[in-house]
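The values are calculated or read from the model by the stated rules, or taken from the named source; none is laboratory data. Please read these numbers as outputs of a predicted model, since none were measured by experiment. When we count neighbours, we look across all protein chains shown, and the Cβ atoms used for this are built from the backbone with ideal geometry, even at glycine. These accessible areas exclude ligands, DNA and RNA; they are computed on the full protein's heavy atoms, side chains included. Shrake-Rupley method; radii C 1.70, N 1.55, O 1.52, S 1.80 Å.
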Amino acid sequence: METEMSNMKSEVYDYYKGQSIFITGGSGFMGKVLIEKLLYSCSDLKEIFILMRPKRGRVPESRLEDMFKLPMFQRIREEKPEVLKKIIPVQGDVTFDGLGLSGDTLDRLLKSTSIVFHMAATLRLEANLKDAIDMNTTGTKRVLDVCRKMTNLKVLVHLSTAFCYCDKEVLHEKVYECPHNPHDLIRCAEWMDQKTLENITPNLISPHPNTYTYSKRLAEILVRNEYPNLPVVIARPSIVIPANEEPLPGWVDSLNGPIGIMVGGAKGVIRSMLCNGDYRAEVIPVDMAINGLILIAYTEDQNKTESKDVPVYNVTCSDTKKVTWGEVLELGKEIAYKYPFEAGIWYPNGSITTNKIVHTLSVIFFHWLPAYFVDFLMFLLGQKRFMIRVQTRISDGLEVLQFFTTRQWIFRSENFQVLSSKLNPKDGKTFSLDMDSVDNGEYLKKCILGGRQYCLKEPLTTLPKARMQLKALYILDITAKIVLGGLLFWSLLSALHLKEPFLSLFERNEISIMAD
C-alpha cells in the first residue's frame, strides 16, 4: 500500500509546480506554517514572495534568516535546504498605499504572481478602531488594488475569521450584509481623530465585542465586491491552536488564545475563567487549517463552474470531533499534572464558571491578592516587581476571550468538509484534514509540551525537576488552605462570640479523660 501510494501522482503538488506565490502576513503564526508546508510538500513551486516590513531596525532579509533558524524549519534544513532560496522577501506594508511597493520589485510581483494568500492582520482583539480599520479593512483594500493589476492571477485567498458575524446564531458559508459601508468607515478612520473615534466605537461596532471581528467583517464586504472580476475566495478559520503533526507536533510560537490560558493555568497564575463548560470549543490545529488553505486555492482554481456568489469556506472541525470547554479543562489538567511547567506561582487547580459573582470573587482572592503579595515580597527583597503587571494583562485577555467562551457557536462547513473527498489517497494523506483520527488526549499533550518547549523554552529534560516543584506546591497549597480555613473559622467564632463555648468542649473532654 505504501509503495503504491509513493508511486501515485500528487495532483496538488503538480498544481503548485512552477507557481509564483505572494503572501502577506508571512511572519505570523499561520503565515510561517503556510510557508513551511508549501516549501516542504510543494517543493517545485517557482518562488514565494513574502511581504515584510523592517522591524526593530532589522531589514526583511535579516528577519527571514532568523525565521529559518526556528525549530519549525528543521525538517527543511535537514532534507531540502535548497528550497529556502525560493523565498523572496519583499519590503512593504499593508498600511501603505500600494503596499509600499514600487519600481522593479512591484513590476516583478505583478507579472509573476499567480496565487495570493492575504493573511496580514492585527490580531489584537483590544486594538483601537483606527488601527484595526487601517490594518484589517483598508489593508485588505490595498491588497485588492495591487492584485487587480496582476496579469497572471489565478486565485486570491483572503483569510478572515469564523467569528466575524457575532449576531448570527448559525454561520453559513456565505457573506452576510453589514449595516455599514466599509468605504465610509475607511474614510472615517482617516479623517476623524482617535479620541473621537474611541468615544463612538462601542455604539459603532455593536453587536461586535471588539474591533478585530468588526474590521474583518468589513473586509469581507470589500472582497465580496471584487467577485467575479477577481478570482477571490474567503477562508474563515475558527480559533487556531498548536499543530497536531506539522511542522512539529505541538508547534506554537506565541501565548495568544487558548494556549496562553493553558500555560497560565498550568503555572497557577490563572485560577478562574468565565466560561460555559457545556459549550463546544471551536478550535482547529494550525496544520489542519493550513492544509485547508492550500487545498482551497487548488480547488477554486480547478473549479471551472463559476459560482453566483463569492466562494466561502468555514475552516472548522467537523461536529463529530468537537469537544466542550469542560472536557478540554479536565483533560488538560490531567495532562498538565503529568507534564508540569517549571517554577509555577501556585499549584495549578483552576476552574471555569458561568457565575459572574463566583468568578469575580475567585479573581480577587486567587488572582489579585497573590499578585500583590508576590510584588510586596519582591519589593522587600529589592527585586523588580512584575506580578501585578502580569495579572493586568491576563485580566484584559480573559475579559476579551470570555465573549467567545460563554456563547454557543454553530459554524456550517459543508464546503470545507468536502475538500478532502475530492483528493486521491496520496494528497489526502499529505494535506490531511482528518481530525476524526486524532486522539484528543494525545493532542492536548502535544499542545502542553509545545507551549512548554517553544514558547517558554523549557526543555523536556527539566520535567523531573518540575514534578518535584509541583509536589512542593501541592503540599504548600493544602497547608495554606488548612491555615486559611482555620483562621476563617476562628474569626467566625469570634464574631459570633462562640470561642469560649467551643474551647470549653475540649476542656470537658480533657477532664473526662483524666477522670477515667
**Fill in**
The strands (runs of 3 or more DSSP E) lying wholly within region 6-114 that contain at least 2 residues that are open to solvent by less than 10 Å² (accessible area, probe 1.4 Å) and at pLDDT 95 or above are 20-24, 47-52
**Message:** under 20 Å from residue 32 (Cβ atoms) and of a type outside the set (Asp, Glu): which single residue out of 106, 101, 84 fits that description?
**Reply:** 84
**Prompt:** Which pairs do you get when a residue that is within 22 Å of residue 320 (Cβ to Cβ) and assigned to a loop (DSSP other than H, G, I, E, B), found in region 398-410, comes within reach of a residue that is of a type in the set (Phe, Trp, Tyr) and open to solvent by 40 Å² or more (accessible area, probe 1.4 Å), reach meaning Cβ atoms under 8 angstrom, with the pair 6+ apart or on two chains?
**Reply:** 407/279; 408/279; 409/279
**Prompt:** Among the numbered criteria (1) within 28 Å of residue 173 (Cβ to Cβ); (2) surrounded by 15 or more Cβ atoms within 10 Å (Cβ to Cβ), which single criterion is violated by residue 320?
**Reply:** (2)
**Prompt:** In region 340-360, what count of residues is obtained for those that are among the hydroxyl-bearing types (Ser, Thr, Tyr), assigned to a loop (DSSP other than H, G, I, E, B) and open to solvent by less than 50 Å² (accessible area, probe 1.4 Å)?
**Reply:** 1
**Message:** On the basis of being modelled with pLDDT of 90 or more and farther than 20 Å from residue 260 by Cβ, does residue 437 make the cut?
**Reply:** no
**Fill in**
Note on region 70-96: residues within 22 Å of the chain's Cα centre (by Cα) and without any contact (Cβ under 8 Å) to a residue 12 or more places away in the chain are none
**Prompt:** Pairs, please: C-beta under 6 Å, at least 6 apart or cross-chain, first residue more than 20 Å from residue 137 (Cβ to Cβ) and in region 168-183, second of a type in the set (S, T, N, Q) and not in a loop (DSSP other than H, G, I, E, B)?
**Reply:** 173/314; 173/415
**Request:** Could you tell me whether residue 382 is among the small types (Gly, Ala, Ser) and outside any loop (DSSP other than H, G, I, E, B)?
**Result:** no
**Message:** Here's a check for you: in region 120-160, which residue that is crowded, with 23+ Cβ neighbours inside 10 Å and part of a loop (DSSP other than H, G, I, E, B) is modelled with the highest pLDDT?
**Reply:** 160
**Asked** Just checking, which of 486, 428 is closer than 28 Å to residue 249 by Cβ, open to solvent by less than 70 Å² (accessible area, probe 1.4 Å) and either among the small types (Gly, Ala, Ser) or in contact (Cβ under 8 Å) with a residue 40 or more places away in the chain (or both)?
**Response** 428
